[in-house]
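Peer 1: Shown below is the structure under consideration.
The values are calculated or read from the model by the stated rules, or taken from the named source; none is laboratory data. Owing to the predicted nature of the structure, the values given are computational and were not obtained by experimental measurement. Cβ placement follows ideal geometry from the backbone for every residue including glycine, while neighbour counts extend to all protein chains displayed.
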Ligand code: SF4
Ligand code: SF4
Ligand code: SF4
């Protein structure tokens with residue numbers, strides 16, 4: 001039976017986002033908690049191409065009716081992804097992060113949280129940090145943007161939201177799991193904005209609620225006011241925007257432990273201090289989720305730690321902080337869409 005989970009782990013590791021193995025085997029423990037052996041067997045048979053149950057049944061040599069029920073139930077449990085297209089239900093593999101883990105936002109227990117927190121730093125170091133294309137990127141909050149900046153529409157959260165025809169807001173699993181074990185912060189609890197086919201999946205599986213773009217803009221505004229970092233999917237047409245805090249967000253929390261987090265983030269900006277205006281008041285220090293600012297006679301930004309979120313700019317009452325665009329050669333141009341993002345990641349990880 002253990003072989004099934006090892007095979008599933010290998011299968012998940014071969015998907016673009018990866019599921020790197022550990023020496024401790026904690027990742028197998030996680031899979032054993034989430035999948036029955038039969039579900040694991042079926043998950044191994046799915047790829048990143050969405051297919052009808054009939055095609056999958058043929059390939060797996062299974063009865064189509066039984067398999068359809070299994071796929072539907074696995075989709076509800078957040079073990080695979082499904083979408084409705086051309087009048088039929090289609091099923092495909094879900095990646096571990098971002099994917100299976102996030103789909104368990106309503107189904108957490110303390111043991112699972114403990115295992116996940118043991119595994120995530122390994123996942124970050126062995127997958128996320130090593131690949132050039134990250135699953136998420138960081139964009140500056142709107143109040144830190146000025147007319148002089150050469151900002152692209154895909155770098156403006158409001159623009160991204162206004163282009164969507166379907167938006168779902170979901171509870172933030174990072175804050176929820178931290179709260180469950182007594183470590184959560186009090187920041188916005190509904191903080192994941194999901195678009196397109198992901199939004200339909202979230203709505204169908206009761207993982208979030210459908211909202212208008214006006215409400216999404218309100219949530220975005222609350223997030224920015226509350227000091228949350230904007231992390232959209234790493235595509236020009238992103239499938240989500242996450243509003244993240246440095247204390248609970250599994251991505252930011254792990255990036256913060258690095259010497260130079262800026263090198264592990266796709267961002268086009270960094271903060272700069274105008275020493276003449278700086279009063280050394282320190283308001284910006286706490287606002288920075290990456291511990292990038294120190295204050296002596298004035299504030300100093302460590303650009304190797306700055307992820308270009310812009311939060312410090314609005315914390316400064318003395319107009320001493322501003323966002324600077326990176327040089328042309330260092331600018332990050334996100335792939336056109338999410339499919340291309342994952343194609344890039346798969347290539348960078350040597351999986352295709
Ligand atoms: S990535 Fe950000 S918004 Fe998404 S679940 Fe984690 S902290 Fe919450
Ligand atoms: S210094 Fe900190 S708060 Fe300011 S932009 Fe950089 S990471 Fe964000
Ligand atoms: S908030 Fe502004 S004035 Fe105060 S220390 Fe930071 S940069 Fe200087």
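Peer 1: With respect to residue 271, is the statement that it is within 16 Å of ligand 3 (Cβ to nearest atom) and either assigned by TED's automatic domain parsing to the domain that holds residue 185 or at negative phi (or both) true?
Peer 2: When the stated conditions are applied, residue 271 passes them.
Peer 1: Output the number of the condition that residue 301 fails; it satisfies all remaining conditions of (1) within 24 Å of residue 124 (Cβ to Cβ); (2) within 16 Å of ligand 3 (Cβ to nearest atom); (3) surrounded by 22 or more Cβ atoms within 10 Å (Cβ to Cβ).
Peer 2: Just one mismatch for residue 301, condition (3).
Peer 1: For the structure I just gave you, tell me whether residue 254 is surrounded by fewer than 19 Cβ atoms within 10 Å (Cβ to Cβ), over 30 Å from residue 163 (Cα atoms), touching a residue at least 40 places away in the same chain (Cβ under 8 Å) and away from ligand 2 (no atom under 13 Å from the Cβ).
Peer 2: So residue 254 fails the test.
Peer 1: Right, next: Would you confirm whether any residue within the range 132-147 is more than 24 Å from residue 311 (Cα to Cα), assigned by TED's automatic domain parsing to the domain that holds residue 213, modelled with pLDDT of 95 or more and over 15 Å from the mean Cα position of the chain (by Cα)?
Peer 2: The initial filter retains those residues of the range 132-147 that are more than 24 Å from residue 311 (Cα to Cα), namely 132.
Now drop any that are not assigned by TED's automatic domain parsing to the domain that holds residue 213, which leaves 132.
With the extra rule that they be modelled with pLDDT of 95 or more, the set shrinks to 132.
Remaining after also requiring over 15 Å from the mean Cα position of the chain (by Cα): 132.
Checked the range 132-147: at least one residue is more than 24 Å from residue 311 (Cα to Cα), assigned by TED's automatic domain parsing to the domain that holds residue 213, modelled with pLDDT of 95 or more and over 15 Å from the mean Cα position of the chain (by Cα).
Peer 1: Only one of (1) at negative phi; (2) assigned by TED's automatic domain parsing to the domain that holds residue 317; (3) within 12 Å of ligand 2 (Cβ to nearest atom) fails for residue 291. Which number is that?
Peer 2: Result: residue 291 fails condition (1) only.
Peer 1: Condition first: within 16 Å of ligand 1 (Cβ to nearest atom) and part of a loop (DSSP other than H, G, I, E, B). Now tell me which residues in the range 258-293 satisfy that. Working first, answer last.
Peer 2: Here is the first cut: in the range 258-293, the ones within 16 Å of ligand 1 (Cβ to nearest atom) are 261, 264-267, 289-290.
Of everything in the range 258-293, those that are within 16 Å of ligand 1 (Cβ to nearest atom) and part of a loop (DSSP other than H, G, I, E, B) turn out to be 265, 266, 267, 289, 290.
Peer 1: Filter the range 305-334 for residues that are within 11 Å of ligand 2 (Cβ to nearest atom) and on the phi > 0 side of the Ramachandran plot and give the result.
Peer 2: Within the range 305-334, 308, 310 qualify.
Peer 1: Any idea which of (1) in contact (Cβ under 8 Å) with a residue 12 or more places away in the chain; (2) farther than 30 Å from residue 20 by Cα; (3) near ligand 2 (Cβ under 10 Å from one of its atoms); (4) in contact with a helix residue (DSSP H, G or I) (Cβ under 9 Å, 6 or more places away or on another chain) is the one residue 302 doesn't satisfy?
Peer 2: (1)
Peer 1: Something else now. Within the range 269-286, identify whether any single residue is within 14 Å of ligand 2 (Cβ to nearest atom), within 19 Å of the chain's Cα centre (by Cα) and buried (at least 20 other Cβ atoms within 10 Å of the Cβ), and answer yes or no. Even if it seems obvious, please write down each step before you answer.
Peer 2: So the first thing to find is which residues in the range 269-286 are within 14 Å of ligand 2 (Cβ to nearest atom), and the list is 269-274, 278, 282-286.
From what is left, the residues that are within 19 Å of the chain's Cα centre (by Cα) are none.
Within the range 269-286 (the criterion being within 14 Å of ligand 2 (Cβ to nearest atom), within 19 Å of the chain's Cα centre (by Cα) and buried (at least 20 other Cβ atoms within 10 Å of the Cβ)), the answer is no, since none of the residues qualifies.
Peer 1: Considering each residue of the range 270-286, count those that are in contact with a helix residue (DSSP H, G or I) (Cβ under 8 Å, 6 or more places away or on another chain) and in contact (Cβ under 8 Å) with a residue 40 or more places away in the chain, and give that number.
Peer 2: Of the residues in that region, 2 qualify.
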